[in-house]
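To keep things clear, I will list the structure first and then write my remarks on it.
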Protein chains: 2
Amino acid sequence: MPPPLARSQPLERALRQVPGSSSGHQTEGKAELAAGLGAGPGAQPPAEGRGGGAGAGRGSPPPAAFCRPAFLQLTPEELRRADDHTGRAVQSPRDGRRRLPWSTGYAEVINAGKSQHNEDQACCEVVFVEQRPSLRGCLSSREGSGEKGFYFHYWALFDGHAGSGAAVMASERLHLHICEQLRELVEILQDPSPPPICLPHDTQTGSADTNQMSNAEDCGEVPNDAVPRFHLEKAVSHESLVIGAIENAFKHMDEQIERERASQHLPGGCCALAAIYLMGKFYVANAGDSRAIIIRNGEIIPMSREFTPETERQRLQFLALLRPELLGKEFTHLEFPRRIQPKELGKKMLYRDQNMNGWAYKKIEEDDLKFPLIFGEGKKARMMATIGVTRGLGDHDLKVFSSNIHIKPFLSCFPEVRVYDLTQYEHCPDDVLVLGTDGLWDVTNDEEVAGVVMEVLTSYEPNDPCRYTMVAQELVVRSRGVLKERGWRLANDKLGSGDDISVFVIPLGGPGNYT
Amino acid sequence: MPPPLARSQPLERALRQVPGSSSGHQTEGKAELAAGLGAGPGAQPPAEGRGGGAGAGRGSPPPAAFCRPAFLQLTPEELRRADDHTGRAVQSPRDGRRRLPWSTGYAEVINAGKSQHNEDQACCEVVFVEQRPSLRGCLSSREGSGEKGFYFHYWALFDGHAGSGAAVMASERLHLHICEQLRELVEILQDPSPPPICLPHDTQTGSADTNQMSNAEDCGEVPNDAVPRFHLEKAVSHESLVIGAIENAFKHMDEQIERERASQHLPGGCCALAAIYLMGKFYVANAGDSRAIIIRNGEIIPMSREFTPETERQRLQFLALLRPELLGKEFTHLEFPRRIQPKELGKKMLYRDQNMNGWAYKKIEEDDLKFPLIFGEGKKARMMATIGVTRGLGDHDLKVFSSNIHIKPFLSCFPEVRVYDLTQYEHCPDDVLVLGTDGLWDVTNDEEVAGVVMEVLTSYEPNDPCRYTMVAQELVVRSRGVLKERGWRLANDKLGSGDDISVFVIPLGGPGNYT
């Protein structure tokens, strides 16, 4: 009995909460527990500002450890203020500088001391997807179609942990990976007929005509077994091709971080939440614990769900059961409501396994003395006593504290993509899509966010382009709170969020939008 | 290339739809494709009626191949009529015979010829859960508490496939397994304080006092690491203990079928849908493609979801990826919209894997020529070309047609349990819980069911105990349709359900109920 417990002593240490910062704020974010694994504070010198969207390419110097979104266009002095944990000044795009597409509102604030810099990152871009030139040597594709393409609008938040490298790189690159995936689909998405099931040899897309042909003939589509073809062929929509493209873009982004993490100094990982507007539809892709909601005519429409050890418990337990070697003899795939003491062997304790949502009693066996794969509740829930989110980008080197047990096999880089068809409803200027990192949602719930949105918007003219920025700022300020003797406090005197907070407020209708 | 395709010829055959019956009804149910694996028609002689709920115990003769629910109290003549595929007479509890608890309505009808007998089964019981007598030799438990206990109400539908044995046994036993699981919890559920995390050595429950003591002291619950205990201990509700008990009851039921399938002649498997009313709450447990909805004040509240190759695709693909040996070199874990021809090797085809909800193109490789694990759409979707439901009881011997590839590792016997708190809302006599097998829902959607419920109920007095039976009958008749020249037809002239249809209509409020 004693050995497993003795061996898992480091886990006990890793599980212990980091004491609150000197200013007394909430600091039980997901990053601290993995803090020993990333670059420590001061490992990289802060740098002032950074290049534009695609600046930090292969062969360029390591990205700065501290930078803010390019669209903020911060001066060196503003950057210094943005990095000040004491003042926690709210940052937003300024009047007179570049305005975000659709007059999108944005605001952010640094944490209250839980990490040296703001580990959130953001990106907002309009991206042209140019059809990929036909591959050389491919006879079946049509020439001269190189200029075809379409635009998509893109907003994304990245909430980094255990270092800012992954979040910085993802904020610079994810939209490019999405663009790359969509390039394969330019003609197919622009053709109203159903996407071809099969493409000809060695082309990326070819022309739509070729595709149709290939579908029916080139691929030898002769109904076999004399069963009508419609029985055997699944219809695939344009929408699901876009979803697939976004899903694979996340995967390629994660692979790029894996490849370049050594040379580019990309410690840690990040949650990613991206909204893509394409051909009349919003695609909201979420991998992590950020959140997106639409507020339409006062009604709240959830556009994402969070991926945490609690929400993904069954997937994680299932994997651990099938691949016990990933647990390194330190963990059990069963969940228990608390740690078991060796002397409790033979008693009955509540548990649940990968199949259960309820709880039942089981007799405690030797193996149950290991540390549970999933442990803790709510914001304190951890997988392998290490990480509080179970989807995201990066974390390729993340290990259980003081062990050789890798976390990455349990993490998924795949987002859940939800679709909202903007053309199905006539939107007014007060209808918005709100994206926020967990710093917002930890202290302000959906209803409160909707309340702030409506309250602020009514105090500005519907055609005032600043109104969405004012909403974003107000959401950040109300979630951060005000500095009092006993730390940052909300209006109700509860603790404000001590985490980094980042918010996009994207208008869905009204004058001046959709450009 | 040819070998995989040649090897999978039997799969092609298995996938082929069984032609419609002579009367032209829908027969593409989930059972036919596995038909070669269960007992063939006539393997067991029909028997008239069967014993009560717990009649067919160990050592008793093999259960009859054909029987109807005991609560119908059918005479031999009525049983013969119930087994007639041509007349398809609707069966209900008769006036003057035993009335179901709460005046529950029930109706059923046999299929139009897709299997020899009605493979649906049903059960409705009021079960007393008696506290388990303390185990001999256990010092810590209190004596003289043997009479403690409580009742639960129970309604369940079982939709069998490839034989009726599993459905018959489950209809006779599942409630007993639920009772057995709950016996462990009698005192805990009757004690308003939170359930103890840990029970003393070798007791089943002991008294609540003992439990509380054991929780705090007996288990040596001394806060370790000087972290307050509330940080380390998860609260578990009474409700989640009941859910856990129901989940484990399904597992034990499945294990019993596995143990006794040879001696008791239990071919095939069954979907199971059970509603348990206990201490003011409904627990609706579903494993398969039956469905439960609540209709409350005209509003529809879904109380289950279906488990099919389409809804569980990602779980199944994930398992196949991690355990490729389960696929027997015949199947690929990837999904394609149609079969790939060997000559398409090197072309690009749409696919999706265990991580994706969208579709993307991939270059076809040798391995992709295998048969997809999941194939087909809607009611025609099959796992391994064999089965159209992915949760349920039984099917321990089910194999892919003409192969040695087992299906059972992919099936789950665990239900999803949803809870509805009856005390949170004042129910009127027209509020009901409807349970139905897929024979109902295939042709009648939620809204139509709600419409029939409201229409029929308004034509009977609120205190008429027959009104819920009238609703159940009407639901069955409208889903079966009327026999015309071109088969069974609905009012809109569409094909009626050719499947077995079984329906419970359970009133949630009103006079005479809750007894």
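The values are calculated or read from the model by the stated rules, or taken from the named source; none is laboratory data. Small disclaimer: the values here were computed from a predicted structure and weren't measured. Cβ: placed from backbone, ideal geometry, glycine included. Neighbour counts: every protein chain shown. Just so you know, the surface numbers come from the protein's heavy atoms only, side chains and all, with ligands and any DNA or RNA stripped out. Shrake-Rupley method; radii C 1.70, N 1.55, O 1.52, S 1.80 Å.
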Identity of the residue in the stretch A:328-339, more than 7 Å from every other protein chain (Cβ to nearest Cβ) and open to solvent by 10 Å² or more (accessible area, probe 1.4 Å), that ends up nearest to A:LEU373 (Cα to Cα) | A:HIS333
Just to be sure, is A:THR423 buried (at least 19 other Cβ atoms within 10 Å of the Cβ), in contact (Cβ under 8 Å) with a residue 40 or more places away in the chain and hydroxyl-bearing (Ser, Thr, Tyr)?
-> no
Could you please let me know if A:ASN445 is closer than 27 Å to A:ASN111 by Cα and either more than 21 Å from the chain's Cα centre (by Cα) or not hydroxyl-bearing (Ser, Thr, Tyr) (or both)?
-> yes
So, in the stretch B:346-373, of the ones that are over 20 Å from A:ILE243 (Cα atoms) and part of a strand (DSSP E or B), which residue ends up farthest from the other protein chains (Cβ to nearest Cβ)?
-> B:PHE371
Just one of A:ARG391, A:ARG382 is basic (Lys, Arg), open to solvent by less than 30 Å² (accessible area, probe 1.4 Å) and in contact (Cβ under 8 Å) with a residue 24 or more places away in the chain; which is it?
-> A:ARG382
So B:GLY268 clears everything in (1) at pLDDT 95 or above; (2) under 16 Å from the mean Cα position of the chain (by Cα) except one condition, right? Which one?
-> (1)
Would a scan of the stretch A:364-371 turn up a residue that is closer than 30 Å to A:GLU258 by Cα and open to solvent by less than 30 Å² (accessible area, probe 1.4 Å)?
-> yes
Checked against (1) modelled with pLDDT of 95 or more; (2) in a helix (DSSP H, G or I), A:LYS343 satisfies every condition except (1)
Can you name the condition, by its number, that B:ARG291 falls short on among (1) open to solvent by 10 Å² or more (accessible area, probe 1.4 Å); (2) within 11 Å of chain A (Cβ to nearest Cβ)?
-> (2)
Residue selected from the stretch B:238-259 under the condition more than 14 Å from every other protein chain (Cβ to nearest Cβ) and among the charged types (D, E, K, R), by the criterion farthest from B:HIS161 (Cα to Cα) = B:ARG259
Could you say whether any residue in the stretch B:218-235 is within 8 Å of another protein chain (Cβ to nearest Cβ), at pLDDT 95 or above and within 26 Å of B:ILE276 (Cα to Cα)?
-> no
Note on the stretch B:294-304: residues touching a Phe, Trp or Tyr at 6+ places or on another chain (Cβ under 9 Å) and assigned to a strand (DSSP E or B) are B:ILE294, B:ARG296, B:ILE301
Any chance A:ARG352 is surrounded by 17 or more Cβ atoms within 10 Å (Cβ to Cβ), among the basic types (Lys, Arg) and under 20 Å from the mean Cα position of the chain (by Cα) | no
Spot the failing condition for B:GLY280; the list is (1) more than 30 Å from B:PHE128 (Cβ to Cβ); (2) surrounded by fewer than 21 Cβ atoms within 10 Å (Cβ to Cβ), and only one is missed.
-> (1)
Would the stretch A:260-282 turn up any residue that is within 14 Å of chain B (Cβ to nearest Cβ), among the aromatic types (Phe, Trp, Tyr) and either in a loop (DSSP other than H, G, I, E, B) or within 29 Å of A:ASP446 (Cα to Cα) (or both)?
-> no
Among the residues of the stretch A:396-403, is any open to solvent by 10 Å² or more (accessible area, probe 1.4 Å), among the acidic types (Asp, Glu), more than 14 Å from chain B (Cβ to nearest Cβ) and part of a loop (DSSP other than H, G, I, E, B)?
-> yes
Over the stretch B:317-334, the set of residues in contact with a Pro (Cβ under 7 Å, 6 or more places away or on another chain) and part of a helix (DSSP H, G or I) is B:LEU326
